[in-house]
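Notes for the one structure printed next.
The values are calculated or read from the model by the stated rules, or taken from the named source; none is laboratory data. Just so we're clear, the structure is a prediction, and the values are computed from it rather than from any experiment. Please note: Cβ atoms are built from the backbone with ideal geometry, for glycine as well, and neighbour counts cover all protein chains shown. The area values use the complete protein model at the heavy-atom level, side chains included, leaving out ligands, DNA and RNA. Shrake-Rupley method; radii C 1.70, N 1.55, O 1.52, S 1.80 Å.
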Amino acid sequence: MHLRYITSISLLVLLIFTSCSTEHSEIILAKYGNSAITMDEFENAYAKNAGGREQVKNDNPEKFRSFLDLYVNFKMKLRDAEVRGYHTDPNLLTELNDYKRQVGVSYILEKDIVEPGIKQLYDRRKWELRVSHLMIRPEPNGDEAALQLITSILDSIKNSESFEEMVEKHTHDQFSIPYGGDIFYVTSGQLPASFEDAAYALNSGEVYPEPVKTQYGYHLIKVTEKKSRIPQIRASHILINLLNSEGEVDSAHALLRLDSLLTDLNNGEDFKTLVERYSDDTGTKTQGGDLGFFERRMMVRPFDEAAFNLEVGEISGVVETNFGYHIIHLTDKKDIPSFEEDKENLKRLFKQTRYQSEYDNLIVKLKKKYNFQIDQATFNFIVDESDSIRLGTVHPKYDEISGMTLFRYADRSVSAGEFFEKIVNETEFVNKFIDEENLTSAINKISNDYILEEEAMNLDKVNPEFAALMDDYKNGIFIFRLQEDEVWNKILIDSVKLYEHYLATRENYKWPDRVEFSEIFVRTDSAAQHIYSLLLEGEDFDTLAVRFTERVGYKEKAGNHGLHAVTSSQIAEVAGTLAEPGNFSEPFKSPGGFSIVRLNSFEPSRIKTFEEAKAEVSGSFQESESKRLENQYLESLKRIYKPVVYHDRVEKAFNE
């Protein structure tokens, strides 16, 4: 009983202690003024700066402490910006809104269209479908008759008529008639968007329950097979063509050669040896018949179907195509790439096949959301008053129509004048006549931009990720303005201060050992040796340089390179080894040929004069002043906010 009582008391004390301890995320790491930095805020800021929480696993407490000091300074600066009223500064707000508008539109298109689009594309491309279709092209005078016809055909199929027989009777696609409408294997990114969406909604053997419209007409769609996709295979083949040595079609001769090939193959002959002996494909014969990697639909259908049904290492039976008879050896298969590996390819495919339709769908949704409406009265007036007037030119009745409302959205009106100013920059519309069709298209183009910008301006209210992005940018422009006000604009440069800084730091500005030298450069060793012998005989170096040097741009300078640091190049280093001005080297190998170098003068290392170092001094002075003013500013903030930093507590970061 006594032991049970002690245990109960101990448990109670533990529970009280635990309940009173501070949550990890609420541990205070620093205080400044009336504000505090919690562990949660610090960890989020540190992880963002490091590129994510996975990147910080092995970071040590010293890094945490250093970052905490910097973060406290950052937070005090932001508080100072607030006190100065930066959040109400019209210029800063204009910059912030411009950024929100530009980045917001890109963010919307990426997050609402591209990212989900390429993810769907990737998931769909894990599969391939074998698809059949029946197509009816519209009449020139409209779609109605085509839609009625294909709907009646679909009703017949729903009432148990054969899909393939309906194809044979009705389809306008002449290429697929011989195959009962079969268009072979396809995967996402190869078909019009509406056709693909319908096909991927079906299971094997199903017909889509309604006609599907594409730019080619109306389609009835049937999926006959659905299976995991093999993105690429590698195969080798032996081709026996149908032509004899006289160039005539001789199938009997081809079959005799094929029979000999099969006999050798069944007797275990090496495939590559048989390629060399039999294959008529001159393009692959010397490579053992290797065709490299290829995707579905890159080969003729019989070859494609046979090859993709093989396992690695297997050899097919006889495959007949319009090229002749083939024996196929599958040598490799590729797996589906990871999303990251395939991302750029997915983006390219998506932009080519689906981006525009998804963009149009988004615009329709946003225009409905923001109650977009064209003012029909203004529209009709502009059309009526624009006979032979082109977009992009000054409208003769501009003054009359410029103030009229052309369209509205989100309780905002856009005037005809604003529209005409915008359309000048849209080259696709410039010089088109103003009629109902062109004006409607132009209004849609301009209004699309307005609608997207409206959504961007409201995005931070509903999207926390974008709100955080905007908050980061706002903090950035506030810090930049503070740096301007407290540091950069306070740096005053005059010649006296620069000279004083030069005297204090003159040891930092030095010339290295330098040489002035001339060179004779030639392409061959024999030419260099000949010139060297002439020099030994007393010929003038400059004269020989003018006659013989082959370095572009140096013949007219008698090979003179001017003054250079000894370490600047191989030829300068050789010049630096010569004992006295006037001495020349033996020929030596240099990039592109052979060189002989003469030392003209040698200047030992020395401190630069003020004039020589002026640009460096100016840069050094500005850097020094920036640091001084930055520290001065931080010290002023510390006097105001009296920060307290708990370095010992930060060791618990990322260690709940």
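I'd like to know if the range 128-137 contains one or more residues that are open to solvent by 10 Å² or more (accessible area, probe 1.4 Å), touching a strand residue (DSSP E or B) at 6+ places or on another chain (Cβ under 6 Å) and not in a strand (DSSP E or B).
Yes, because at least one residue in the range 128-137 is open to solvent by 10 Å² or more (accessible area, probe 1.4 Å), touching a strand residue (DSSP E or B) at 6+ places or on another chain (Cβ under 6 Å) and not in a strand (DSSP E or B).
Inside the range 508-610, counting only strands (runs of 3 or more DSSP E) that do not spill past its ends, which hold 2 or more residues that are open to solvent by 40 Å² or more (accessible area, probe 1.4 Å) and closer than 30 Å to Ser495 by Cα?
560-565
Considering every residue within the range 151-161, establish whether at least one is among the small types (Gly, Ala, Ser), assigned to a helix (DSSP H, G or I) and buried (at least 17 other Cβ atoms within 10 Å of the Cβ).
Of all residues in the range 151-161, those among the small types (Gly, Ala, Ser) come to 152, 156, 160.
In the following step, the residues that additionally are assigned to a helix (DSSP H, G or I) were identified as 152, 156.
Subset that is buried (at least 17 other Cβ atoms within 10 Å of the Cβ): none.
Checked against the condition, which is being among the small types (Gly, Ala, Ser), assigned to a helix (DSSP H, G or I) and buried (at least 17 other Cβ atoms within 10 Å of the Cβ), the range 151-161 yields no hits at all.
Given Leu439, Leu459, which one is open to solvent by less than 50 Å² (accessible area, probe 1.4 Å), under 23 Å from Leu96 (Cα atoms) and of a type outside the set (Asp, Glu)? Can you show your working first?
On the way: Leu439 fails: under 23 Å from Leu96 (Cα atoms).
On inspection, the qualifying residue turns out to be Leu459.
Of all residues in the range 218-250, count the ones that are more than 30 Å from Ile136 (Cα to Cα), open to solvent by 50 Å² or more (accessible area, probe 1.4 Å) and either at pLDDT 95 or above or under 37 Å from the mean Cα position of the chain (by Cα) (or both).
2
From the list Lys111, Lys119, which one is open to solvent by 40 Å² or more (accessible area, probe 1.4 Å), of a type in the set (Lys, Arg) and over 17 Å from Met457 (Cα atoms)? It would help to see each step written out before you state the result.
On the way: Lys111 fails: over 17 Å from Met457 (Cα atoms).
Result of the check over Lys111, Lys119: Lys119.
Just wondering, is there one or more residues in the range 370-390 that are open to solvent by 80 Å² or more (accessible area, probe 1.4 Å), farther than 20 Å from Phe419 by Cα and not hydrophobic (A, V, I, L, M, F, W, C)?
no
As an exercise: evaluate Gln356 against (1) modelled with pLDDT of 95 or more; (2) open to solvent by 100 Å² or more (accessible area, probe 1.4 Å) and give the number of the one condition it does not meet.
It fails just one condition, (1).
It is to be established whether one or more residues within the range 274-288 are aromatic (Phe, Trp, Tyr) and open to solvent by 60 Å² or more (accessible area, probe 1.4 Å).
Our first condition is that a residue be aromatic (Phe, Trp, Tyr); within the range 274-288, this holds for 278.
From what is left, the residues that are open to solvent by 60 Å² or more (accessible area, probe 1.4 Å) are none.
Taking every residue of the range 274-288 in turn, none turns out to be aromatic (Phe, Trp, Tyr) and open to solvent by 60 Å² or more (accessible area, probe 1.4 Å).
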